[in-house]
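Beneath this line is the structure, given in structure tokens, with notes to follow.
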Amino acid sequence: MTACHQSRIALVIQYVGTNFHGWQRQPDHRSVQEEIEKALADILGHDVTLHGAGRTDSGVHAAAQVAHFEQQSPIPPSHWAKVLNARLDDDIVIRASGRVPDRWHARFSALWRRYRYTLYTDPIPNLFVSPFSWHYYHRPLDADVMARALKPLLGKHHLAAFHRANSSRDHSWVEVQGVECYRQGPFVQMEIQANGFLYGMVRLLVGMLVEVGTGERSLENFTDIWVNQRRELVKYAAPAKGLCLLRVGYADFPFADSVWFETQPLYYFRAEGIGE
């Protein structure tokens with residue numbers, strides 16, 4: 001029998017974060033990492049460590065999380081997605097699997113991560129939207145003003161104002177590479193791309209940005225708070241369910257764009273009536 005050599009396998013992972021206490025394995029709580037590790041251990045017959053590109057918080061979704069593990073088995077690299085999906089619950093899907101070089105690392109090889117936050121502003125509730133958005137209809141939101149507030153964040157900044165307590169990270173420097181805020185009918189969506197993210201950063205940022213969109217907070221005040229690291233003035237985090245890890249970028253990635261690049265569908269609004 002031919003010996004099986006150890007290889008590093010990368011996974012592109014989707015999950016609905018609603019019933020997970022985040023990505024990272026932890027005692028007494030269901031996590032995405034632990035669910036996949038249990039499936040891997042069942043297949044391989046021994047414990048396996050899964051290394052993720054980032055740690056999403058409790059309730060946060062992922063359209064294309066990336067992770068890797070080491071394995072030594074006859075299972076072809078591209079078949080791991082199908083093998084794992086047969087053992088995972090319906091709220092996790094492996095979109096693709098493939099072999100990567102031994103030096104490649106899901107976390108440390110990543111050049112950027114991109115998140116999207118979705119708000120639903122119609123006063124009428126919608127069950128098909130609710131699990132993936134913040135139903136914010138109390139006051140009108142000006143997406144153009146929110147977009148202007150985001151622009152100064154581009155570049156490398158000390159974003160301690162958007163850094164939650166209990167983080168293991170010893171600094172708050174973040175290189176923000178891209179920001180967007182746009183409206184599609186009743187949906188306001190924000191995207192932010194950075195080399196890495198602080199614990200709770202996007203939800204704290206969105207919570208304050210909504211105040212800008214309603215006119216409760218000026219553009220100047222919003223900028224002053226994060227530039228001067230006024231963490232005590234940032235009081236509210238947006239709900240987790242509106243946040244999704246959209247994708248992770250690498251210089252060397254073995255998957256086609258269709259697998260990972262734009263896999264959370266955008267909400268659109270059709271203004272005209274049916275049949276018109």
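The values are calculated or read from the model by the stated rules, or taken from the named source; none is laboratory data. What you see is a predicted model, and the numbers here were worked out from it, not measured in a lab. Cβ placement follows ideal geometry from the backbone for every residue including glycine, while neighbour counts extend to all protein chains displayed. Just so you know, the surface numbers come from the protein's heavy atoms only, side chains and all, with ligands and any DNA or RNA stripped out. Shrake-Rupley method; radii C 1.70, N 1.55, O 1.52, S 1.80 Å.
Where residues in segment 71-125 are farther than 30 Å from VAL179 by Cβ and small (Gly, Ala, Ser), which of them is surrounded by the fewest Cβ atoms within 10 Å (Cβ to Cβ)?
Selected residue: ALA86.
Which of the residues that make up segment 213-242 are hydrophobic (A, V, I, L, M, F, W, C) and under 21 Å from PRO140 (Cβ atoms)?
Selection gives LEU219, PHE222, ALA238.
For residues that are touching a Lys or Arg at 6+ places or on another chain (Cβ under 9 Å) and not polar (S, T, N, Q), scanning just segment 126-141, find the one that is least open to solvent (accessible area, probe 1.4 Å).
Among residues in segment 126-141 that are touching a Lys or Arg at 6+ places or on another chain (Cβ under 9 Å) and not polar (S, T, N, Q), the one least open to solvent (accessible area, probe 1.4 Å) is LEU141.
Hey, can you tell me all the residues within segment 90-148 that are of a type in the set (Lys, Arg) and more than 21 Å from HIS61 (Cα to Cα)?
ARG99, ARG103, ARG139, ARG148
Collect the residues in segment 176-207 that are under 15 Å from LYS151 (Cβ atoms) and not hydroxyl-bearing (Ser, Thr, Tyr), keeping them in residue-number order.
Selection gives VAL176, GLN177, GLY178, VAL179, GLU180, CYS181, MET190, GLU191, ILE192, GLN193, ALA194, LEU205.
Being β-branched (Val, Ile, Thr) and surrounded by fewer than 24 Cβ atoms within 10 Å (Cβ to Cβ) is the filter here, so list the residues in segment 196-211 that pass it.
Residue satisfying the conditions is VAL210 alone.
Looking only at segment 20-59, count how many residues are in a helix (DSSP H, G or I) and either in contact with a Gly (Cβ under 8 Å, 6 or more places away or on another chain) or modelled with pLDDT under 95 (or both).
Qualifying residue count, segment 20-59: 2.
Of the conditions (1) modelled with pLDDT under 95; (2) under 18 Å from GLN264 (Cβ atoms); (3) surrounded by 14 or more Cβ atoms within 10 Å (Cβ to Cβ), GLY185 fails just one. Which one is it?
Against the list (1) modelled with pLDDT under 95; (2) under 18 Å from GLN264 (Cβ atoms); (3) surrounded by 14 or more Cβ atoms within 10 Å (Cβ to Cβ), GLY185 comes up short only on (3).
Would you point out the residue of segment 256-275, among those that are among the aromatic types (Phe, Trp, Tyr) and at pLDDT below 90, that is least open to solvent (accessible area, probe 1.4 Å)?
Here the residue is TYR267.
When you go through (1) open to solvent by 10 Å² or more (accessible area, probe 1.4 Å); (2) farther than 28 Å from ASN19 by Cβ; (3) more than 17 Å from the chain's Cα centre (by Cα) one by one for LEU150, which number turns out not to apply?
All conditions are met except number (1).
Starting from segment 226-240, take each residue that is open to solvent by 90 Å² or more (accessible area, probe 1.4 Å) and list its partners that are modelled with pLDDT of 95 or more, counting only C-beta distances under 7 angstrom and pairs at least six apart or across chains.
Note: pairs meeting the criteria are TYR236/GLY207.
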